[in-house]
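To start, the structure itself, in structure tokens.
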Amino acid sequence: MLENAKKITVIGGGIWGQTLANLARRNHLAVRVWSRHIGEDLGAIIADTEVIISAVSIKGVVPTIEKLQQLQLNSRIIIVTATKGLEPITTRTPFHLWNQAFPANPLVVLSGPNLAKEINQGLPAATVVASYVQKAAILLQKLLSGESFRVYLNSDPLGTELGGTLKNVMAIASGVCDGLQLGTNAKSALLTRALPEIVRVGTCLGGCQETFFGLSGLGDLLATCNSPLSRNYQVGYQLALGLSLPEILGKLEGTAEGINTTEVLMRIAQEKNLYVPITCQVDRLLRGEISPQVAVYELMRRDLKAEFD
Ligand SMILES: NC(=O)C1=CN([C@@H]2O[C@H](COP(=O)(O)OP(=O)(O)OC[C@H]3O[C@@H](n4cnc5c(N)ncnc54)[C@H](OP(=O)(O)O)[C@@H]3O)[C@@H](O)[C@H]2O)C=CC1
Ligand SMILES: O=C(CO)COP(=O)(O)O
């Protein structure tokens with residue numbers, strides 16, 4: 001067994017939590033998955049755990065933190081956050097929230113181009129574990145790496161997290177682009193212009209520029225914006241086909257974090273005076289203020305400008 005059979009608890013029994021648990025099990029680690037629905041005592045489960053992986057969606061982050069705060073968490077436990085979203089009330093990222101609640105615990109962000117269904121099929125994939133506590137990130141790298149899952153280290157947890165979060169907005173836009181059959185040129189233009197928008201926001205919120213050109217930034221942008229497996233892409237695609245948001249969400253398997261992220265990001269952009277043209281059109285589309293066709297028209301008819309302003 002790896003690392004003296006480290007005991008791992010995954011919080012969140014959604015598809016991403018199950019997938020991360022499977023990856024650890026492939027390495028013969030002792031893994032337990034805790035979900036609100038199983039009726040087991042979380043305190044008993046984490047009593048001897050060494051690593052907690054939080055794989056809940058953003059709306060579960062604060063309730064999960066509050067639950068763990070009642071359990072007097074040992075400060076040696078490594079906390080891993082795998083959520084890709086922005087908390088709606090505070091507009092903070094999960095990394096901030098976990099760090100604020102458990103400042104003494106080593107905290108690691110896990111993010112990358114990781115469509116769960118592909119990983120579950122054993123297809124090759126890579127991800128990033130990022131932390132200010134290098135030892136913790138190295139341990140996670142060893143615990144999760146395998147022949148079909150390659151884990152890279154990074155020392156910029158905020159940038160790593162924000163890349164995975166912000167690309168979900170772009171995945172909605174990308175789904176619209178494909179749903180409207182706008183062609184390969186349009187798709188290339190959209191994704192290429194999406195990257196500087198992500199970098200503009202991500203660096204303003206504390207991420208390092210180079211992180212956004214890595215696996216958790218550009219890598220995840222390409223994966224999510226090109227795959228019908230992505231829930232965010234599916235939302236955009238189906239909006240382009242004329243379905244309403246409630247109709248789409250009624251049938252969607254799992255969470256499309258980009259919907260909430262778009263709304264929170266618009267507030268951040270307004271407060272910090274950030275130029276986010278793609279996000280702005282996705283926001284108006286999700287609010288039902290404009291059609292997909294008008295969103296495209298609005299992006300195309302903006303004032304002409306230099307490419308790298
Ligand atoms: N699916 C994927 O391919 C990937 C997903 N992610 C990210 O991981 C996160 C989870 O995604 P995924 O598993 O796909 O989502 P799912 O919709 O499949 O699962 C949602 C998860 O969030 C938890 N949750 C929701 N609301 C609450 C709440 N109020 N309190 C506590 N827990 C709650 C659920 O817990 P419970 O089990 O207790 O119901 C469940 O584990 C998202 O942020 C997503 O962006 C990251 C990489 C890949
Ligand atoms: O983050 C993901 C892939 O890296 C999953 O994307 P969706 O949440 O859009 O399915």
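The values are calculated or read from the model by the stated rules, or taken from the named source; none is laboratory data. Not measured: the values here are computed from a predicted model. Here the Cβ is made from the backbone with ideal geometry for all residues, glycine too, and neighbour counts use every protein chain on show.
Computed quantities for the displayed model
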| read-out | value |
| --- | --- |
| Qualifying residue in region 140-155 (condition: assigned by the TED database to the domain that holds T90, in a helix (DSSP H, G or I) and free of Cβ contacts under 8 Å to residues at least 60 places away in the same chain) | yes |
| Whichever residue in region 66-78 is surrounded by fewer than 23 Cβ atoms within 10 Å (Cβ to Cβ) and within 24 Å of the chain's Cα centre (by Cα) and, among such residues, is farthest from ligand 2 (Cβ to nearest atom) | Q69 |
| Of the criteria (1) more than 17 Å from L265 (Cβ to Cβ); (2) within 13 Å of ligand 1 (Cβ to nearest atom); (3) small (G, A, S); (4) in a loop (DSSP other than H, G, I, E, B), which one G122 fails | (2) |
| Single match in I248, I268 (criterion: surrounded by fewer than 19 Cβ atoms within 10 Å (Cβ to Cβ) and part of a helix (DSSP H, G or I)) | I268 |
| Contacts under 8 angstrom Cβ, first residue in region 237-253 being modelled with pLDDT of 95 or more, partner of a type in the set (A, V, I, L, M, F, W, C) and in a loop (DSSP other than H, G, I, E, B), 6 or more apart | A240/L180; L249/A256 |
| Search result, residues across region 5-34 that are over 18 Å from V109 (Cβ atoms) and in contact with a helix residue (DSSP H, G or I) (Cβ under 7 Å, 6 or more places away or on another chain) | K6, I15, N22, N27, H28, L29, V31, R32, V33, W34 |
| One residue from N232, N273, N260 being out of contact with any helix residue (DSSP H, G or I) (no Cβ under 7 Å at 6 or more places or on another chain), modelled with pLDDT of 95 or more and closer than 26 Å to P94 by Cβ | N273 |
| Residues of region 46-56 that turn out to be touching a residue at least 24 places away in the same chain (Cβ under 8 Å) and surrounded by fewer than 19 Cβ atoms within 10 Å (Cβ to Cβ), as a count | 1 |
| Any strands (runs of 3 or more DSSP E) falling wholly within region 1-106 and containing at least 3 residues that are under 22 Å from N120 (Cβ atoms) | 7-11, 30-34, 51-54 |
| Looking only at region 271-309, and only at residues there that are within 17 Å of C177 (Cβ to Cβ) and among the acidic types (D, E), the one that is surrounded by the most Cβ atoms within 10 Å (Cβ to Cβ) | D283 |
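Table: residues versus (1) within 16 Å of ligand 1 (Cβ to nearest atom); (2) modelled with pLDDT of 95 or more; (3) buried (at least 22 other Cβ atoms within 10 Å of the Cβ); (4) within 30 Å of M300 (Cβ to Cβ).
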{"site": "N114", "(1), (2), (3), (4)": "yes, yes, yes, no"}
{"site": "T160", "(1), (2), (3), (4)": "yes, yes, yes, no"}
{"site": "G175", "(1), (2), (3), (4)": "yes, yes, yes, yes"}
{"site": "G206", "(1), (2), (3), (4)": "no, yes, no, no"}
